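Single-structure report; data block below.
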Amino acid sequence: QVQLMESGGGSVQAGGSLRLTCVTSGRRTGAIAHAAWFRQRPGEERDLVADFRRDRQTTYYDPSVKGRFTISWDNAKTTTYLQMDDLKPEDTGRYYCAADEGSSQYEYWGQGVLVTVFP
């Protein structure tokens, strides 16, 4: 009962920036415990890039993006953002927004947006 819609993907040169947006909607947005961003490269599993825990307002970042990416949550808009700075070619992939209510892990998923970083 939560729908996720991502936007903001695109192509940039290395060193550039992108801001991904994930708008949540539905009848259970108030119950969201975690909002997160995953990245999937061709032929690979989806890997957790960043997570925001709503109750503690704490964050987690994959070491490869820590210091360059920032996840945030706008409670009024029930929207999560991923600010990506100093992008590197290895950041290329499809980025998925995910959320959960704390019982099941990341049970809600967006459709994903493509991020391409040129060397």
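Here are the numbers for the structure shown:
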| item | result |
| --- | --- |
| Test: residue in the stretch 40-55 that is in contact (Cβ under 8 Å) with a residue 60 or more places away in the chain and more than 12 Å from A99 (Cα to Cα) | yes |
| Complete set of residues in the stretch 17-62 that are open to solvent by 20 Å² or more (accessible area, probe 1.4 Å), assigned to a loop (DSSP other than H, G, I, E, B) and of a type in the set (A, V, I, L, M) | A33 |
| Single unsatisfied condition, Y106 versus (1) open to solvent by 60 Å² or more (accessible area, probe 1.4 Å); (2) on the phi > 0 side of the Ramachandran plot | (1) |
| Residue check, V23 under 15 Å from Q1 (Cα atoms), among the hydrophobic types (A, V, I, L, M, F, W, C) and out of contact with any Phe, Trp or Tyr (no Cβ under 8 Å at 6 or more places or on another chain) | yes |
| Residue match in the stretch 54-64 (condition: within 16 Å of T116 (Cβ to Cβ) and either among the aliphatic types (A, V, I, L, M) or in contact with an Asp or Glu (Cβ under 7 Å, 6 or more places away or on another chain) (or both)) | no |
| In the stretch 63-91, the residues that are outside any strand (DSSP E or B), within 25 Å of P42 (Cβ to Cβ) and open to solvent by less than 40 Å² (accessible area, probe 1.4 Å) | V65, R68, L87, D91 |
| Count of the stretch 1-16 residues which are closer than 17 Å to A36 by Cα, open to solvent by 20 Å² or more (accessible area, probe 1.4 Å) and not in a loop (DSSP other than H, G, I, E, B) | 3 |
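The values are calculated or read from the model by the stated rules, or taken from the named source; none is laboratory data. Since the structure is predicted, the reported quantities are computational estimates derived from the model, not experimental observations. Because the Cβ atoms are built from the backbone with ideal geometry, glycine has one as well, and the counts that use them run over all protein chains shown. Surface accessibility is based on the protein's heavy atoms, side chains included, excluding ligands, DNA and RNA. Shrake-Rupley method; radii C 1.70, N 1.55, O 1.52, S 1.80 Å.
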